[in-house]
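Right, one structure below, let's go through it.
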Amino acid sequence: MARTRGERIAIGFMIVWLVIWTGGMMVVLYGLSRAVAGGEPMAMLIMTLWLGGAGFGLLMGARKLRDLLLTPGSLPRKGKDIAWNDGVSGGRDGDGPPPPPQV
């Protein structure tokens, strides 16, 4: 089954996002190594917590990319126009005059 344009865009975006996110984690990892070498405990704590959260985000992004690659058609479809039958005549679709106002 051929992929739709939206699926190809989603896959490309996820690949670019994962590469940029991993690069950001590498920068923080370098900063963490400098904080360890300089003996700065507060910076070490903050960067370690950030790396933990970023690692979780990276894992979720990788799972989403895997889902996009392995299951074509996994993107949600646009909502369809539903013909409501709620007992009110008329409305915005122009299928009759609007009901008279209640006074």
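The values are calculated or read from the model by the stated rules, or taken from the named source; none is laboratory data. Predicted model only: the values in this text are computed from it and were never measured.
Based on what the data block shows, is Leu75 at pLDDT below 95, hydrophobic (A, V, I, L, M, F, W, C) and at negative phi?
Considered against the rule, which asks whether it is at pLDDT below 95, hydrophobic (A, V, I, L, M, F, W, C) and at negative phi, Leu75 comes out as yes.
Would you be able to say whether some residue in region 51-63 is over 17 Å from the mean Cα position of the chain (by Cα) and part of a helix (DSSP H, G or I)?
yes
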